[in-house]
Amino acid sequence: MSSYIVKVIPNHVKSIPLIKERNELKNQLRMVTSNKELIDHLYDEVTFIDSGSNFEGIKCNHCLKVIETEWWSDQMEICSLNNFNDISITTPCCNSTVSLNQLEYIWPVGFARYVIEIMNPNEDEVIEIEKLIKNKSYKLIRAHY
């Protein structure tokens, strides 16, 4: 059986919301998701927050050319050697210096130290989550496993 997990992460890679803000957000998420299972993680290091089988590819955020997955994977490996403390890369298409987090992923992914995961929300709940975080400094990632 597959799982659908909606992940909410801060927009800024190294940002860790204060406990009060985390608790407020979790309570708001519980209210809009009919108390679906909700788990939050605080990582010691910046972590790649993936979209599972939703991952379909990457484009350069400057020239919008498709970036080969193998090249991206190599860059991920290089950046992981320093625990993603520096995720700046130079794109192969237009030689732009960008962050791995700035690339355009076909299904959003991200890098974060903090994540909230909501298990198996329905589409109406996801729309409410998007509304809830719209004007906050958070990003939504939809993952299937």
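Are any residues in the stretch 92-102 touching a helix residue (DSSP H, G or I) at 6+ places or on another chain (Cβ under 9 Å) and open to solvent by less than 10 Å² (accessible area, probe 1.4 Å), and if so, which ones? Across the stretch 92-102, the qualifying residue is only 100. If the condition is being surrounded by 15 or more Cβ atoms within 10 Å (Cβ to Cβ) and part of a loop (DSSP other than H, G, I, E, B), then the stretch 81-91 contributes 84, 87, 91. Whenever a residue of the stretch 30-58 is touching a residue at least 60 places away in the same chain (Cβ under 8 Å), its partners that are open to solvent by 60 Å² or more (accessible area, probe 1.4 Å) and among the polar types (S, T, N, Q), lying with C-beta atoms within less than 7 angstrom and at least six residues away or across chains, give the pairs 36/120; 45/83; 46/83; 46/85. Residues in the stretch 67-89: is at least one among the acidic types (Asp, Glu) and under 14 Å from residue 6 (Cβ atoms)? No.
Can you name every residue in the stretch 12-59 that is part of a loop (DSSP other than H, G, I, E, B) and open to solvent by 80 Å² or more (accessible area, probe 1.4 Å)? Passing the criteria: 12, 14, 18, 34, 35, 37, 53, 56.
Look at (1) of a type outside the set (S, T, N, Q); (2) assigned to a helix (DSSP H, G or I); (3) within 15 Å of residue 9 (Cα to Cα) and you find that residue 108 fails only one, number (2). Residue count for the stretch 63-79, restricted to those that are open to solvent by 40 Å² or more (accessible area, probe 1.4 Å), in contact with a strand residue (DSSP E or B) (Cβ under 8 Å, 6 or more places away or on another chain) and either touching a residue at least 12 places away in the same chain (Cβ under 8 Å) or among the aromatic types (Phe, Trp, Tyr) (or both): 3. In the set 133, 129, only one residue is within 14 Å of the chain's Cα centre (by Cα) and open to solvent by less than 80 Å² (accessible area, probe 1.4 Å); that residue is 133. For the stretch 91-145, a residue qualifies if it is of a type in the set (Phe, Trp, Tyr) and under 18 Å from residue 16 (Cβ atoms), and the qualifying residues are 111, 114, 138.
The values are calculated or read from the model by the stated rules, or taken from the named source; none is laboratory data. Keep in mind that what you see is a predicted model, and the values were worked out from it rather than measured. Backbone-built Cβ (ideal geometry, glycine too); neighbour counts: all protein chains shown. Heavy atoms of the whole protein, side chains included, go into the accessibility calculation; ligands, DNA and RNA do not. Shrake-Rupley method; radii C 1.70, N 1.55, O 1.52, S 1.80 Å.
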